[in-house]
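Below is one structure; the comments refer to it alone.
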Amino acid sequence: MDQINKVKSISIWIFIIPFIAVNACLIIITQFHGLFPNQEDIIHNTFPYLDGGASISRTARPYPTWLIFKPSMFLTSYLLIKYWLYNKTIIDFFHQDHKYKNKVLYFGIASAVALTIHSIFLGVKFDNDLYKLFRRVIMLSFIIFEIVAQAYLVATFYSFKNKLDQYINIRILKTKIILVSILIIVAVISIPIISLPGDDFFGFSLKHFKHALEWDYFIGVISFYLLTFFMWKKN
């Protein structure tokens, strides 16, 4: 089935492109300070996956790092739309009337649209509380739509896994289910914590915790697509 090959090839790029883009921004802003016309934008000595020294948007927002980040996210959004459309076709092929089919497509495309909007407004400075709230809502919407789409997709494939025996590695499908379950649990636990007022949580910097969580959660979300690449067998 041609759509399976397309999903397999697209999925690895959905992992590689944002991974390289985000980490390239991190390396440039922490190591190549001479590239930044505004020295207030540079960051020193941080590995945010562990210490939470900066958010993803903080590394991607200034010039010239946004020249890498924004095009990469636009391309990723386009690939995401193609990915979810191809998956709908695959579901139609194996189980045309599946109850989750449309939910997979709607939430998947909604996540891509939210990522595009977030990328457009990243770095746009507008000192207004409503605008700041809008940006947070868009970013939160992307995460929610993405995780919901992933959850519906793995649940759909697992529901007719016997029909997919010759097409997928079932152990990796189960690994994807575990990954999505962890992402959901972490989100449910973390939301009350990151919503706390102040900047201290049991002796830890709440700000740094949020940043580290953002970086690590980002790796978890895109790892779903890396697993997709390995899940589908070569035709």
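Descriptive notes on the structure:
- Residue 56 being in contact with an Asp or Glu (Cβ under 7 Å, 6 or more places away or on another chain) and either crowded, with 17+ Cβ neighbours inside 10 Å or within 20 Å of residue 217 (Cβ to Cβ) (or both): yes
- Neighbours by Cβ (under 8 Å, 6+ apart or cross-chain): first from the stretch 1-30, closer than 19 Å to residue 43 by Cβ; second among the acidic types (Asp, Glu): 29/41
- Residue list for the stretch 101-113, filter: of a type in the set (Ser, Thr, Tyr) and surrounded by fewer than 17 Cβ atoms within 10 Å (Cβ to Cβ): 106
- Residues being touching a residue at least 24 places away in the same chain (Cβ under 8 Å), part of a helix (DSSP H, G or I) and touching a Phe, Trp or Tyr at 6+ places or on another chain (Cβ under 9 Å) - total across the stretch 122-143: 2
Per-residue answers, yes or no, for (1) charged (D, E, K, R); (2) closer than 27 Å to residue 177 by Cβ; (3) touching a strand residue (DSSP E or B) at 6+ places or on another chain (Cβ under 9 Å):
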position: 116; (1), (2), (3): no, no, no
position: 122; (1), (2), (3): no, no, no
position: 125; (1), (2), (3): yes, no, no
position: 128; (1), (2), (3): no, no, no
position: 133; (1), (2), (3): no, no, no
position: 138; (1), (2), (3): no, no, no
position: 143; (1), (2), (3): no, yes, no
position: 147; (1), (2), (3): no, yes, no
position: 152; (1), (2), (3): no, yes, no
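- Residues of the stretch 154-166 that turn out to be in contact with a strand residue (DSSP E or B) (Cβ under 8 Å, 6 or more places away or on another chain) and surrounded by 18 or more Cβ atoms within 10 Å (Cβ to Cβ), as a count: 1
- Screening the candidates 72, 55, 111, 119 for the property of being under 19 Å from residue 148 (Cβ atoms), hydroxyl-bearing (Ser, Thr, Tyr) and in contact (Cβ under 8 Å) with a residue 24 or more places away in the chain yields one hit, 111.
- Flag if residue 188 is modelled with pLDDT under 95 and under 18 Å from residue 107 (Cβ atoms): yes
- Of the helices (runs of 4 or more DSSP H) contained entirely in the stretch 1-68, those carrying at least 1 residues that are more than 17 Å from the chain's Cα centre (by Cα) and more than 23 Å from residue 81 (Cβ to Cβ) fall at 2-31, 48-51.
- Any chance residue 118 is surrounded by 17 or more Cβ atoms within 10 Å (Cβ to Cβ) and either in contact with a Leu (Cβ under 6 Å, 6 or more places away or on another chain) or of a type outside the set (D, E, K, R) (or both): yes
- Among the residues of the stretch 175-197, the ones that are surrounded by 14 or more Cβ atoms within 10 Å (Cβ to Cβ) and over 20 Å from residue 211 (Cα atoms) come to 5 in all.
- Selection status of residue 7, touching a strand residue (DSSP E or B) at 6+ places or on another chain (Cβ under 8 Å), buried (at least 17 other Cβ atoms within 10 Å of the Cβ) and at pLDDT 95 or above: yes
- Test result for residue 63, more than 17 Å from residue 218 (Cα to Cα) and either touching a Phe, Trp or Tyr at 6+ places or on another chain (Cβ under 9 Å) or buried (at least 19 other Cβ atoms within 10 Å of the Cβ) (or both): yes
The values are calculated or read from the model by the stated rules, or taken from the named source; none is laboratory data. Quantities reported herein were computed from a predicted structural model and do not represent experimental measurements. Backbone-built Cβ (ideal geometry, glycine too); neighbour counts: all protein chains shown.
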